[in-house]
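The values are calculated or read from the model by the stated rules, or taken from the named source; none is laboratory data. Since the model is a prediction, treat every value here as computed from it, not as a measurement. Counting neighbours? That spans all protein chains shown, and the Cβs are built from the backbone with ideal geometry, glycine included. Heavy atoms of the whole protein, side chains included, go into the accessibility calculation; ligands, DNA and RNA do not. Shrake-Rupley method; radii C 1.70, N 1.55, O 1.52, S 1.80 Å.
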Amino acid sequence: MKQIRTFIIVFTLGAALFSSCKSGSKEEARTVDAGQDKEVVKTMELQMQTVARSVEYPASLEAYEEVHLAPASPGRIEGIFADVGDRVAKGKSLVQMDRTQLLQAEVQLKNLEVDFRRLDTLAKYGSIAQQQYDQLQTQYEVAKTNVEFLRENTQLVAPFDGVISGRYFEPGEMYSGAPNTAAGKAAVLSVVQIDRLKVLVPVSEKYFPEVKNRMETTVRVDVYPGQTFAGRIDRIHPTIDPANHTFKVELVVNNAKGLLRPGMFARIAFELDKEEAILLPSMAVLKLQGSNDRYLFVEENGVARRVSVAVGRRYDDNIEVFSDELKPGARVIVSGQARLLDGVPVEVKE
């Protein structure tokens with residue numbers, strides 16, 4: 001019996017010792033596992049950045065200048081020397097109207113010029129009455145004006161460097177003077193200047209104090225995605241439209257490369273003021289699945305803390321965020337945050 005009791009005691013002590021060793025191994029393994037559970041992340045120090053606040057308005061591009069060439073009175077068209085799409089230089093002859101009246105007026109002017117010179121000589125010696133001299137001088141001046149008028153209206157020239165945008169007659173046809181253009185005007189040819197364009201933008205009245213003449217703007221068109229064009233405010237209309245509380249701003253857009261065309265739809269961005277904002281890489285901001293809630297993680301003392309945020313505008317690869325919990329100097333997690341939960345230990349990788 002004594003031997004049996006001794007064996008039981010020894011077995012009990014051995015079992016207790018084995019249980020103690022096994023428990024110690026579990027605690028050690030748990031400690032190791034806890035070290036392995038740390039998520040490896042990258043962080044960046046939050047700093048305020050200066051950004052330009054801008055507003056954007058839709059508009060349509062227009063030719064900087066557009067002229068509908070037409071004579072002052074109806075008549076037969078002798079020749080047209082340009083067609084739609086042709087580039088023309090300032091002063092180039094584009095249309096020749098019938099010159100019958102011009103030739104008659106020039107003959108009459110020559111006769112009057114000869115008579116007037118004779119009278120002018122006689123008047124110097126006091127051989128004619130002043131009234132007779134004045135009458136002939138008046139006739140001569142009227143004849144000169146008539147010839148100049150007919151010359152201007154029988155040969156139509158390009159008023160500026162531009163492109164022919166419309167041709168409405170053929171040589172030999174009669175120009176009637178009836179409206180025949182989209183603008184409701186009568187014309188033989190239409191000429192537009194497209195080396196620079198203009199845009200008329202209705203801007204909300206609340207921005208009236210901030211919009212200044214010669215302010216630079218950014219122009220975007222859908223046909224050239226990702227490309228921008230420079231615009232400049234050329235004129236600010238002085239009145240506010242009471243119907244929609246907007247005022248008109250006229251812009252000039254440089255089109256030296258000829259990529260833009262009148263009638264294109266455009267978006268005009270005005271940079272009105274600058275202020276401090278929080279900009280972070282867009283990949284740092286996460287979206288809660290099934291909702292529009294946005295959040296990110298900051299690292300505090302080796303632990304990830306979740307912060308709810310609202311998002312603003314995008315600036316290239318960065319996005320503007322708003323949160324009362326974010327302060328300059330905070331360590332925002334920008335990589336490795338996809339599997340994080342609030343309160344999870346993290347290891348920052350430099």
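Results, tabulated for the structure shown:
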item	result
Test result for K327, under 34 Å from the mean Cα position of the chain (by Cα), open to solvent by 80 Å² or more (accessible area, probe 1.4 Å) and of a type outside the set (A, V, I, L, M)	no
Answer from R235, R261, R305, R267 - the residue that is in a loop (DSSP other than H, G, I, E, B) and at pLDDT 90 or above	R261
Selection count, the stretch 117-151, where residues are touching a residue at least 40 places away in the same chain (Cβ under 8 Å) and of a type outside the set (A, V, I, L, M)	3
Residue match in the stretch 129-140 (condition: of a type outside the set (G, A, S), modelled with pLDDT under 80, over 30 Å from L69 (Cα atoms) and open to solvent by 80 Å² or more (accessible area, probe 1.4 Å))	no
Residue in the stretch 287-302 that is surrounded by 12 or more Cβ atoms within 10 Å (Cβ to Cβ) and of a type in the set (G, A, S) present	no
Residue satisfying condition, being charged (D, E, K, R), without any contact (Cβ under 8 Å) to a residue 24 or more places away in the chain and closer than 24 Å to R220 by Cα, within set D316, D293	D316
Single residue of V147, V199 found to be touching a strand residue (DSSP E or B) at 6+ places or on another chain (Cβ under 9 Å), among the aliphatic types (A, V, I, L, M) and either more than 30 Å from A269 (Cβ to Cβ) or not in a helix (DSSP H, G or I) (or both)	V199
Criterion violated by L109 - all others in (1) more than 12 Å from L189 (Cα to Cα); (2) open to solvent by 50 Å² or more (accessible area, probe 1.4 Å); (3) among the aliphatic types (A, V, I, L, M) satisfied	(2)
Pairs, first at negative phi in the stretch 253-273, second outside any strand (DSSP E or B) and open to solvent by less than 60 Å² (accessible area, probe 1.4 Å), C-beta under 7 Å, six or more apart	V253/L260; F270/V211; L272/Y207
Some residue of the stretch 154-161 being in a helix (DSSP H, G or I), modelled with pLDDT under 95 and within 30 Å of L103 (Cβ to Cβ)	yes
Index of the failed condition, V253 passing every other in (1) open to solvent by less than 40 Å² (accessible area, probe 1.4 Å); (2) modelled with pLDDT under 95	(2)
Test: residue in the stretch 192-200 that is out of contact with any helix residue (DSSP H, G or I) (no Cβ under 6 Å at 6 or more places or on another chain), of a type in the set (K, R), open to solvent by less than 60 Å² (accessible area, probe 1.4 Å) and within 30 Å of G231 (Cβ to Cβ)	yes
Qualifying position, being within 21 Å of M97 (Cα to Cα) and either modelled with pLDDT under 90 or touching a His at 6+ places or on another chain (Cβ under 6 Å) (or both), among L189, L122, L150	L150
Some residue of the stretch 265-276 being touching a strand residue (DSSP E or B) at 6+ places or on another chain (Cβ under 9 Å), under 30 Å from Q337 (Cβ atoms) and surrounded by fewer than 13 Cβ atoms within 10 Å (Cβ to Cβ)	yes
The stretch 69-106 - residue that is over 50 Å from the mean Cα position of the chain (by Cα) and aliphatic (A, V, I, L, M) and, of those, surrounded by the most Cβ atoms within 10 Å (Cβ to Cβ)	A105
Qualifying residues in the stretch 176-193 (those that are small (G, A, S), under 30 Å from the mean Cα position of the chain (by Cα) and assigned to a loop (DSSP other than H, G, I, E, B)) - the one farthest from V84 (Cα to Cα)	G184
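A quick yes/no check of all residues on (1) more than 21 Å from N146 (Cα to Cα); (2) modelled with pLDDT of 95 or more; (3) in contact with a helix residue (DSSP H, G or I) (Cβ under 6 Å, 6 or more places away or on another chain):
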| residue | (1), (2), (3) |
| --- | --- |
| A52 | yes, no, no |
| L61 | yes, yes, no |
| P71 | no, no, yes |
| P74 | no, no, no |
| L109 | no, no, yes |
| E113 | no, no, no |
